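Undergrad: Sending over a structure as structure tokens; questions will come in a sec.
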Amino acid sequence: MNNTLLQQVPANKAFSQFDESVARQFAEQFGTPLFIIDEAGVLARLQALQGATQKLYANSLISISYKTNFVPGLLALLHAEGAHAEVVSGIEYEVARGLKEPAQKIIFNGPMKLDAELVQAIEDGAIINCDHEDEIDRIEKIAEQLQTKVGIGMRVHFPDAGMPWNRFGFPVTNGLQNPKTLALVKRIIESPNLSLSGLHSHIGTNIRDLSYFAKLGQLFNDFALELKDVFGIELSWIDVGGGLAGIAPYIEESTGENKITEFPLPDAGAYAEAVITPLLPYLNSLAKPAMLIFEPGRTLFEAFGALLTSVVGRRPEADDNSAAVICDAGINTLATSYVYDFPVKCFAQVENIRQTQLFGPTCNQKDQLHTPLPLPALKSGDLLLFAGVGSYCMAFSYSFIRFRPGVVLWRGGSEGEWLRKPETIKHNAQLELIPKHRKQYA
Ligand SMILES: Cc1ncc(COP(=O)(O)O)c(C=O)c1O
């Protein structure tokens, strides 16, 4: 596949106004470690994705990947701006309903959907994409019991297309020429309780090469046209998943002395063009316009989440040119720091630069926040801001030795508001039990 060079927007401006004085005020008011979300930035990114996709195809919609940043207060802000919900579990489905999201605006994906969750989603009229055959069987049974007909989407992957991920859904190779795919489609459309209403795929994550998305658009176009020609099926939705990159480099990309590479955020317009252009022949052939669903996670959130952490102490330095410091955030807070080198902003004076190792506070050998990078001589109380942590980090943060930190919405200036309080020993105590025969320890 040719490497289509990504057209890139000017360097990402997220958190550029979050200076030392704001950092100090936030640390005092909310404490550290602390996750921070740049409200204006994330809303502008949503608008850019909505605008770029709808410009090329009016029935495009942006569905937020809930698991990427599962902070209900943030999801509510995005829903208020017209984003739909993409959920992958009954828990996420319930949260979407709790946020007053109409079921018609919820896309229910994922490899495990319980019967009770499917009943709810079917009764509500949510969009369901099926991951495997047993799930189709169960939906059929439920639909029969409910005396209804359910339009389902098929999650597919294209094993021969060289996509980064092929882990979920049904393999499609050679479209309906493949007897297995043909049998699957017939099995759905011949059921009195099912119809084939959608196609879905999700090809990977942190993808900067837009040619993968163009390929996906082409594969969907060809397969959907075949379904139309052979069976007269007109789909109600095509769901192209997520996968577009954010700004943080993988550790192996963060090469060179500085190790502080930060990628510009991929251009929403170039992305939309890559996916939508090859799909237009199919989309324009339909009597009733289909929904074109996008499920951005990383590219929507990553640049607009940061982590504020304080230096708690220094280790003796091996030599004058290197340093090791301990921060109050660690792998329990930035669980993917072994995969990504998140960009670091330092608020200390820029002098006495030395290669610095940033360790976390847990008593774990692997607790390192970044590969060694050049930083000024840091001392206790200095603040660091990790940028590019808005996707998967808040969702993956966990209580291990220290509790999960809270999340604050940054509204410009020094204005901030809690979206999630930090976990405390009180929350812990609500779940933990002492055996009855050792009650004296309770
Ligand atoms: C079905 C589906 N949609 C969307 C996403 C969001 O992906 P990304 O964060 O790469 O945009 C994922 C992530 O794995 C996914 O599985």
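The values are calculated or read from the model by the stated rules, or taken from the named source; none is laboratory data. Quick caveat, the model's predicted, so the values are computed rather than measured. Virtual Cβ from ideal backbone geometry, glycine too; neighbours counted across all protein chains shown.
Undergrad: Which of the residues belonging to region 96-141 are within 16 Å of the ligand (Cβ to nearest atom) and part of a loop (DSSP other than H, G, I, E, B)?
TA: Within region 96-141, ASN109, GLY110, PRO111, MET112, LYS113, ALA126, ASP131, HIS132 meet the criteria.
Undergrad: Being within 16 Å of the ligand (Cβ to nearest atom) and not small (Gly, Ala, Ser) is the filter here, so list the residues in region 204-228 that pass it.
TA: THR205, ASN206, ILE207, ARG208, ASP209, LEU210, TYR212, PHE213, LEU216, PHE220
Undergrad: Looking at (1) in contact with a strand residue (DSSP E or B) (Cβ under 7 Å, 6 or more places away or on another chain); (2) in a helix (DSSP H, G or I), which is the one condition that is false for LYS228?
TA: Going through the list (1) in contact with a strand residue (DSSP E or B) (Cβ under 7 Å, 6 or more places away or on another chain); (2) in a helix (DSSP H, G or I), LYS228 breaks only (1).
Undergrad: Within region 395-442, can you find the residues that are at pLDDT 95 or above, under 26 Å from THR362 (Cβ atoms) and not in a loop (DSSP other than H, G, I, E, B)?
TA: Answer for region 395-442, where residues must be at pLDDT 95 or above, under 26 Å from THR362 (Cβ atoms) and not in a loop (DSSP other than H, G, I, E, B): GLY406, VAL407, VAL408, TRP418, LEU419, ARG420.
Undergrad: For region 237-320, please list each of the strands (runs of 3 or more DSSP E) lying entirely inside it that holds at least 3 residues being more than 16 Å from the ligand (Cβ to nearest atom) and outside the structural domain of ARG208 (by TED's automatic domain parsing).
TA: Working: elements: 237-239, 291-294, 305-314.
Result: 305-314.
Undergrad: So the check is Cβ under 8 Å with 6+ separation or different chains; which pairs have a first residue in region 188-208 that's farther than 19 Å from PHE108 by Cα and a second one that's of a type in the set (S, T, N, Q) and away from the ligand (no atom under 13 Å from the Cβ)?
TA: Listed by first residue and then by second, the contacts come to ILE189/SER195.
Conditions (1) in contact with a Gly (Cβ under 8 Å, 6 or more places away or on another chain); (2) in contact (Cβ under 8 Å) with a residue 40 or more places away in the chain, marked per residue:
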{"site": "PHE386", "(1), (2)": "no, yes"}
{"site": "GLY390", "(1), (2)": "yes, yes"}
{"site": "PHE396", "(1), (2)": "no, yes"}
{"site": "SER399", "(1), (2)": "no, yes"}
{"site": "GLU415", "(1), (2)": "no, no"}
{"site": "THR424", "(1), (2)": "no, no"}
{"site": "HIS427", "(1), (2)": "no, no"}
{"site": "GLU432", "(1), (2)": "no, no"}
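Undergrad: Condition test on PHE342, is it touching a Gly at 6+ places or on another chain (Cβ under 8 Å), part of a loop (DSSP other than H, G, I, E, B), over 18 Å from LEU378 (Cα atoms) and within 16 Å of the ligand (Cβ to nearest atom)? Walk me through it before giving the result.
TA: On the way: touching a Gly at 6+ places or on another chain (Cβ under 8 Å): yes; part of a loop (DSSP other than H, G, I, E, B): yes; over 18 Å from LEU378 (Cα atoms): yes; within 16 Å of the ligand (Cβ to nearest atom): yes.
The answer is yes for PHE342.
Undergrad: Name every residue in region 25-48 that is surrounded by 14 or more Cβ atoms within 10 Å (Cβ to Cβ) and under 10 Å from SER414 (Cβ atoms), in order of residue number.
TA: Answer for region 25-48, where residues must be surrounded by 14 or more Cβ atoms within 10 Å (Cβ to Cβ) and under 10 Å from SER414 (Cβ atoms): GLN25, PHE26.
Undergrad: Which of the residues spanning region 45-85 are within 12 Å of the ligand (Cβ to nearest atom), hydroxyl-bearing (Ser, Thr, Tyr) and part of a strand (DSSP E or B)?
TA: SER63, SER65
Undergrad: If I filter region 142-177 down to residues being on the phi > 0 side of the Ramachandran plot and away from the ligand (no atom under 16 Å from the Cβ), which single residue comes out as farthest from the chain's Cα centre (by Cα)? Show your work before the answer.
TA: Step one: of region 142-177, the residues on the phi > 0 side of the Ramachandran plot are 147, 162, 169, 174-175.
Next, from what is left, pick out any that are away from the ligand (no atom under 16 Å from the Cβ): 147, 162, 174-175.
On the way: GLN147: 36, GLY162: 22, ASN174: 30, GLY175: 29 Å.
The residue in question is GLN147.
Undergrad: Could you tell me whether PRO361 is more than 16 Å from the ligand (Cβ to nearest atom), under 17 Å from PHE304 (Cβ atoms) and either modelled with pLDDT under 90 or not β-branched (Val, Ile, Thr) (or both)?
TA: Working: more than 16 Å from the ligand (Cβ to nearest atom): yes; under 17 Å from PHE304 (Cβ atoms): no; either modelled with pLDDT under 90 or not β-branched (Val, Ile, Thr) (or both): yes.
Spelling it out, it is not the case that PRO361 is more than 16 Å from the ligand (Cβ to nearest atom), under 17 Å from PHE304 (Cβ atoms) and either modelled with pLDDT under 90 or not β-branched (Val, Ile, Thr) (or both).
Undergrad: Can you name the residue in region 388-412 that is of a type in the set (Val, Ile, Thr) and touching a strand residue (DSSP E or B) at 6+ places or on another chain (Cβ under 9 Å) and, of all such residues, is nearest to the ligand (Cβ to nearest atom)? Before the answer, list the steps.
TA: The first filter runs over region 388-412 and keeps only residues of a type in the set (Val, Ile, Thr), leaving 389, 401, 407-408.
Filter once more, so that each one left must be touching a strand residue (DSSP E or B) at 6+ places or on another chain (Cβ under 9 Å): 389, 407-408.
Values: VAL389: 13, VAL407: 18, VAL408: 22 Å.
This residue is VAL389.
Undergrad: I'd like the full set of residues that are β-branched (Val, Ile, Thr) and more than 30 Å from ILE36 (Cβ to Cβ), limited to region 411-442. Steps first, please.
TA: Of region 411-442, the ones β-branched (Val, Ile, Thr) are 424-425, 434.
Correct list: ILE434 only.
Undergrad: A further question on this structure: Among the residues that make up region 20-40, is at least one of them in contact with a helix residue (DSSP H, G or I) (Cβ under 9 Å, 6 or more places away or on another chain), touching a residue at least 12 places away in the same chain (Cβ under 8 Å) and farther than 19 Å from PRO405 by Cα? Step through it out loud before you land on a result.
TA: The first filter runs over region 20-40 and keeps only residues in contact with a helix residue (DSSP H, G or I) (Cβ under 9 Å, 6 or more places away or on another chain), leaving 32, 34-40.
Still in the list and also touching a residue at least 12 places away in the same chain (Cβ under 8 Å): 32, 34-40.
Those left that are additionally farther than 19 Å from PRO405 by Cα: 40.
Yes, region 20-40 has at least one match.
Results for (1) assigned to a strand (DSSP E or B); (2) touching a Leu at 6+ places or on another chain (Cβ under 9 Å), shown as yes or no for each residue.
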site: ASN166; (1), (2): no, no
site: LYS180; (1), (2): no, no
site: LEU184; (1), (2): no, no
site: SER197; (1), (2): yes, yes
site: HIS202; (1), (2): no, no
site: GLY217; (1), (2): no, yes
site: PHE223; (1), (2): no, yes
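Undergrad: Another one. Can you tell me which of (1) aromatic (Phe, Trp, Tyr); (2) surrounded by fewer than 20 Cβ atoms within 10 Å (Cβ to Cβ); (3) within 16 Å of the ligand (Cβ to nearest atom) is the one PHE231 doesn't meet?
TA: Among (1) aromatic (Phe, Trp, Tyr); (2) surrounded by fewer than 20 Cβ atoms within 10 Å (Cβ to Cβ); (3) within 16 Å of the ligand (Cβ to nearest atom), PHE231 violates only (3).
Undergrad: Which residue, of SER322, SER337, is modelled with pLDDT under 95, in contact with a His (Cβ under 9 Å, 6 or more places away or on another chain) and not hydrophobic (A, V, I, L, M, F, W, C)? Show your work before the answer.
TA: Details: SER322 fails: in contact with a His (Cβ under 9 Å, 6 or more places away or on another chain).
Just one listed residue meets the conditions, SER337.
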